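Novice: I have a structure here, written as structure tokens, and I will follow up with some questions on it.
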Amino acid sequence: MTGFAGPTLEVRDLKTHFFTRGGVVKAVDGVSFEIGKGRILGLVGESGSGKSITGFSILGLVDPPGRVVEGEIRFKGENLVDQPEERLRAIRGNRIAMIFQDPMMTLNPVLRIDTQMIEAVQAHHSVSADDARQRARDALGRVGIPSPDERLKAYPHQFSGGMRQRVAIAIALLNNPELIIADEPTTALDVTIQGQILYEVQKLCRETGTSLIWITHDLSVVAGLADRICVMYAGKLAESGPVDDVLDRPLHPYTKGLLGSVPSRNRRGSPLAQIPGMTPSLMSLPDGCAFADRCPRAQGDCRQAVPPMAEILPGRLARCIRPHLEDQA
Amino acid sequence: MTVFMVRRLMQSVVVLLVMSVIVFLGVFAIGNPVDILISPDADQLERERAIRALGLDRPLWEQYFVFLANAAKGDLGRSFVFNEPALRLIFERMPATLELAGTAVVLSLVVGIPLGLYAGLKPQAATSKGIMAGSIVGFSLPTFWQGLMFIMVFAVMLGWLPSTGRGQIGTFLGIRSSLFTLDGLAHVILPAVNLALGNAALIIRLTRAGVRETLLQDYIKFARAKGLSHRRVVGVHVLRNILIPLVTVVGLEIAGLIAFAVVTESIFAWPGMGKLIIDSINQLDRPVMVAYLMMIVLLFIVINLIVDVLYSVIDPRVRLQDVKG
Amino acid sequence: MSAPSATAPGKIETPFRRLVSEFVEDRLAVLGAVVLAVILLVALFAPLISPQNPYDLSKLDILDSRLPPGSKSMDGITFWLGTDGQGRDMLSGIFYGLRTSLAVGVFSGILAMVVGMALGLTAAYAGGRTETLIMRLVDLQLSFPTILIALILLAVLGQGVGKIILALVIVQWAYYARTIRGTALVERRREYVEAAICLGLSKPRIIFGHILPNCMPPMIVIGTVQVAGAIALEATLSFLGIGLPITEPSLGLLIANGFEYLLSGKYWISFFPGIALLITIISINLVGDQLRDVLNPRLKR
């Protein structure tokens, strides 16, 4: 594995659909991106845009009635789609780890922290309970939890939200994964805690060379964190590119709309722009561009066919036939 | 923990007192105590003497305290029918009932939990639908009729198992039980299965509901994301969580089984306290009724206490609250 | 975790229509509902459809007693389900028994619901001592098995239709009270209640017009379970000989009458009334089970 030179993770045309009573929900519908060793990718979108489902698809954790129907997920060259469960299990938590959104819900309330950490080590390495405990203690120390020995014997409800998320991060770090998928891990926390955790995760990834996918709805979070970002809308990528370019000079009207709705210091006093209308239902998407009905630039041809994801500028892709080229320097 | 125990014990004493008032008022005040305590053959003079001797001419609250004082000494009156202390009659028959109820509890857990787990983990499988349909039938079957059908099929038509009595009683480690002899085991099967069936159906449904609810939780997905094996996720993460509601219900159900043993014992002529109470009701043997009620209240209080303690052992969140409280 | 939104556009669904369409998805539940409807009709029209009035002693012939199913009587009627020890047609007996069993079960269920809802809402609204008193009573009641409470009551009160209904109400009311109090406490904190208070609506208007309708789904689910339980309990008590008197025979008493003949192989006297009882309870439980799934928002996907 050490000799592998390609990207850590390469997702090609991923489609994850939910087969519900009311019809097929195309939660993820043709998403492609890649992430190199030690890089950080921001996956941005509103709730319901399919960003979390994308994360679960990578780990093979999509629950019925949903499943990956098409596409490839190449992890270090190996396609994870349709791998047997046992193979995926060996990768989960070991080489690819995940951090969830709500720290109050991710730790099992009736099991002690040490139980939950030791089992994560022992699921992948045949080490003694003492060695596993030592690793757990080290991991807690790395995420800045004081007196880890005492903390190991505690139950989740004895921790604050921020502390629990640190524990979850420590669990993710236990087996030194090559990739961490973080699904809005700071959304449920106080702003001050958010900042600390962001900083620490970034530092840890740089130190260990771990790649990171940071899923969020909050553009300001990824601004200081990610190398590249992908913006998702209604199950598809709307735009992707280097973080500064995308945030400073968005190509897609949706990205621009999102940016306009974030309060910022520069434009104090000016009214917040809102994107008019509502996210379309994933069960009955329009024929053309999914954003057309809310887009100020949309014209007739936008509603005829879904625009392809095209490289509009070098290294910058957007799914739009009328991108904001006028803003580009 | 000690604070918690003391508080629970005090609550239990209150419940016991309240129940004693209810039982006293119910059996002694609403019914005519003269008819209850004095032989109907007695003449007028004897009756009056007896009324005075028993203190029935005193005010009700005074009578209650006499009743309470006697009860505290373990004297709950003498049975008219057996002419023995009522409490001794109850104690003689209690082991048979506990044996029957205990066997039924074990049976229903051994059958109910695995089937419920299966149905909860694979809700769409045909087997699961079969289990759930079966559990509705088991839940709906009236115990008494089901018992009659057991007797008809297994005792009358097939002749496989005995349908009445407790069989031979063996002694093992100083405990006397019919579970220790083959003949006793043969006798206990039908009544225990009869008693267990409805309870097993309930446990299946409860386990399944708990599993389905727990599987939706984020911590289960997180456990899977850690790469734990399916066995570990189900066996530790799911099971530990459904154990909490299960312990509560099983505790209540043990009490329920002891009470419902009344029906099973009457049908299978099982010599337990349930059969005794039905006979006593039919023969108006009220001291035995009172003794039975007080004993069963005591039994329930003890069971509830055990359940509460177990609960705090299993659920760490409860434990913390009680340390604080 | 963001779940995909799944609202179907264009189709206007009333909540009731949605419930019905979800209810009919389970074929077993539909079967239960149909069977239950048939049973209710049979019970309602028992005097019209029974081949014989089983309680008119002048119509019974002791020579017809204990005939197996399918036998003909002295005057030519066919006893499809046989006869009991007094020469009574079992089919007619079951029709009349269903009538009694269902009447007692449903009536006590409704009465218990009314009493339970009144006390539960009082507890939720009065608070303080009243609430503590009512809820303690509920706890006490629920910590004892139904059959035990019924046994005590009937032992003290004696037999009779009114007494057994009273006993059934007493063993059931606490379930309703506990549930409605819980739901009401949640509902009263909802925005729509605050809005109603802001509009200056009167307290009874808010309780009965706004909160009560929102408490109904769990009440309906409990109601079905409780009626099934009440029917089974009444049958059990009647079987034990401390329930309904012989003049108002329910299914339980019919089954008890057959007990003595069972050991000699005359199964039908106990068997058929039991089947009728079982089918009744199962169909109510099937309907209740599906209602619970349909009305429970937590299991929705």
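Novice: Being in contact (Cβ under 8 Å) with a residue 40 or more places away in the chain, out of contact with any strand residue (DSSP E or B) (no Cβ under 6 Å at 6 or more places or on another chain), within 10 Å of chain B (Cβ to nearest Cβ) and open to solvent by 30 Å² or more (accessible area, probe 1.4 Å) is true for just one of A:102, A:63. Which residue is that?
Specialist: A:102
Novice: Hey, could you check the range A:29-47 for residues that are within 11 Å of chain C (Cβ to nearest Cβ) and within 13 Å of the chain's Cα centre (by Cα) and say which is nearest to residue B:215 (Cα to Cα)?
Specialist: Per the stated criteria, the residue is A:47.
Novice: Let me ask another. Given the criterion free of Cβ contacts under 8 Å to residues at least 24 places away in the same chain, among the small types (Gly, Ala, Ser), part of a helix (DSSP H, G or I) and within 11 Å of another protein chain (Cβ to nearest Cβ), identify the matching residue among B:261, B:223.
Specialist: Within the list B:261, B:223, the selection yields B:223.
Novice: Within the range A:299-329, work out how many residues are open to solvent by less than 50 Å² (accessible area, probe 1.4 Å), touching a residue at least 40 places away in the same chain (Cβ under 8 Å) and not in a strand (DSSP E or B).
Specialist: Residues meeting the conditions: 6.
Novice: Further, regarding this structure: If the requirement is being more than 8 Å from chain B (Cβ to nearest Cβ) and open to solvent by 40 Å² or more (accessible area, probe 1.4 Å), which of these qualifies: A:114, A:149?
Specialist: A:149
Novice: Go through the range B:226-240 and report how many residues are open to solvent by less than 20 Å² (accessible area, probe 1.4 Å), within 7 Å of another protein chain (Cβ to nearest Cβ) and part of a helix (DSSP H, G or I).
Specialist: 1
Novice: Residues that are touching a residue at least 40 places away in the same chain (Cβ under 8 Å) and away from chain C (no Cβ under 14 Å): which helices (runs of 4 or more DSSP H) entirely in the range B:59-165 hold 3 or more of them?
Specialist: B:60-72, B:86-121
Novice: State all residues of the range C:156-179 that are of a type in the set (A, V, I, L, M, F, W, C), within 14 Å of chain B (Cβ to nearest Cβ) and open to solvent by 20 Å² or more (accessible area, probe 1.4 Å); if no residue qualifies, say none.
Specialist: Passing the criteria: C:156, C:157, C:166, C:170.
Novice: Another question, if that's okay. Could you please find all residues in the range B:210-220 being more than 7 Å from chain A (Cβ to nearest Cβ) and open to solvent by 20 Å² or more (accessible area, probe 1.4 Å)?
Specialist: Matches in the range B:210-220: B:212, B:213, B:215, B:216.
Novice: Collect the residues in the range C:222-259 that are within 14 Å of chain B (Cβ to nearest Cβ), β-branched (Val, Ile, Thr) and either open to solvent by 20 Å² or more (accessible area, probe 1.4 Å) or touching a Cys at 6+ places or on another chain (Cβ under 9 Å) (or both), keeping them in residue-number order.
Specialist: C:224, C:225, C:227
Novice: Next question. Going by the conditions given, is residue A:20 more than 30 Å from residue A:241 (Cβ to Cβ), at the interface with chain B (Cβ under 10 Å from one of its Cβ atoms) and modelled with pLDDT under 90?
Specialist: no
Novice: What tally of residues in the range A:117-141 results from selecting those that are crowded, with 18+ Cβ neighbours inside 10 Å and in contact (Cβ under 8 Å) with a residue 40 or more places away in the chain?
Specialist: 4
Novice: Hey, among the residues in the range C:202-215 that are open to solvent by 60 Å² or more (accessible area, probe 1.4 Å) and under 25 Å from the mean Cα position of the chain (by Cα), which one's nearest to residue C:122 (Cα to Cα)?
Specialist: Looking at residues that are open to solvent by 60 Å² or more (accessible area, probe 1.4 Å) and under 25 Å from the mean Cα position of the chain (by Cα), I get C:208.
Novice: Which of the residues spanning the range B:264-277 are within 10 Å of chain C (Cβ to nearest Cβ) and either hydrophobic (A, V, I, L, M, F, W, C) or open to solvent by less than 20 Å² (accessible area, probe 1.4 Å) (or both)?
Specialist: Scanning the range B:264-277 gives B:267, B:274, B:277.
Novice: Take the range C:261-292 and flag every residue that is more than 7 Å from every other protein chain (Cβ to nearest Cβ), assigned to a helix (DSSP H, G or I) and free of Cβ contacts under 8 Å to residues at least 12 places away in the same chain.
Specialist: Matches in the range C:261-292: C:275 only.
Novice: Being in contact (Cβ under 8 Å) with a residue 24 or more places away in the chain and open to solvent by 40 Å² or more (accessible area, probe 1.4 Å) is the filter; apply it to the range B:280-301 and report the residue that is nearest to the other protein chains (Cβ to nearest Cβ).
Specialist: B:284
The values are calculated or read from the model by the stated rules, or taken from the named source; none is laboratory data. Here the structure is a predicted model, which means the values were calculated and not measured. Positions of Cβ are backbone-derived with ideal geometry, glycine not excepted, and every protein chain shown enters the neighbour counts. All accessible areas refer to the heavy atoms of the entire protein, side chains included, with ligands and DNA or RNA removed. Shrake-Rupley method; radii C 1.70, N 1.55, O 1.52, S 1.80 Å.
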